[in-house]
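**Q** The following block contains the structure, expressed as structure tokens.
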Amino acid sequence: MRIEEKQDLDEMAILAVSSRKDGLPFRITIKSPDHKPPHAHIMDVKTGKKELGQFLLSKSFPRSPDDIKDYKQGITDEMRELIFKWAWLPFQSLPKIKNWEVLYTLWEMNEAW
């Protein structure tokens with residue numbers, strides 16, 4: 001496999017969970033498939049290709065920004081605050097469900113075996 005083909009496959013495997021309509025200065029994504037522990041990736045909003053950080057996911061909702069824990073690549077306190085607020089908002093396509101529930105569920109569905 002050529003390097004370009006691998007890069008194309010890696011890019012296709014990124015699933016953006018946050019929407020531009022959410023107004024975040026970054027994208028919240030998961031990779032499909034991905035490994036344990038449950039985590040999400042923060043990508044730049046313009047291209048979606050540059051990773052800015054990663055954070056752990058839990059089944060339960062975060063109760064404060066401090067519950068948003070770093071994973072591998074850290075996130076800033078400002079990102080943590082924005083992720084916390086976003087987590088409690090209704091998901092754009094399914095307004096009866098909160099963003100955090102969708103994020104965690106999608107990660108579970110795409111977990112590597």
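**Q** Select from L89, I14, W107 the residue farthest towards the positive end of the dipole of region 3-109; place +1 on Cβ of Lys and Arg, -1 on Cβ of Asp and Glu, and compute about the Cα centre.
**A** Of L89, I14, W107, it is L89.
**Q** Still on this structure: In the set [x] 44, 28, 27; [y] 58, 38, 15; [z] 52, 26, 24, which value of Cα extents along the principal axes in Å was calculated from the structure you see?
**A** [x]
**Q** Let me ask something else about it. For the chain, what relative contact order do you get, as a whole percent, if you take Cα pairs closer than 8 Å and at least 6 residues apart?
**A** 23 percent
**Q** So which trypsin sites (Lys or Arg not before Pro) in region 53-113 are both in a DSSP loop and have at most 16 other Cβ atoms within 10 Å of their Cβ?
**A** Those that pass, being in a loop and sparsely packed, are K59, R63, K69, K72, K96.
**Q** Moving to a separate point now. So which chymotrypsin sites (Phe, Trp or Tyr not before Pro) in region 16-107 are both in a DSSP loop and have at most 15 other Cβ atoms within 10 Å of their Cβ?
**A** Values: sites: F26, F55, Y71, F84, W86, W88, F91, W100, Y104, W107; in loops: W88, F91.
For chymotrypsin sites (Phe, Trp or Tyr not before Pro) across region 16-107 that sit outside H, G, I, E and B with at most 15 neighbouring Cβ atoms in 10 Å, the list reads W88.
**Q** Just how large is the dipole of region 3-109 about the Cα centre, in debye to the nearest 20, putting +1 at every Lys and Arg Cβ and -1 at every Asp and Glu Cβ?
**A** Details: 17 positive and 17 negative charges, 74 e Å.
It works out to roughly 360 debye.
**Q** Could you give the length gained by full extension between L89 and K31, i.e. 0.36 nm per residue of separation minus their alpha carbon distance, to one decimal place?
**A** 18.7 nm
**Q** Taking H placed 1.01 Å from N in the peptide plane, check which residues at least 5 places from V45 or on another chain put their amide H under 5 Å from its amide H.
**A** Residues meeting the criterion, in which the H sits 1.01 Å from N, are R27.
Here, each number is a calculation from the coordinates, and none is a lab measurement. Remember, it's a predicted structure, so these values are computed and weren't measured experimentally. Here the Cβ is made from the backbone with ideal geometry for all residues, glycine too, and neighbour counts use every protein chain on show.
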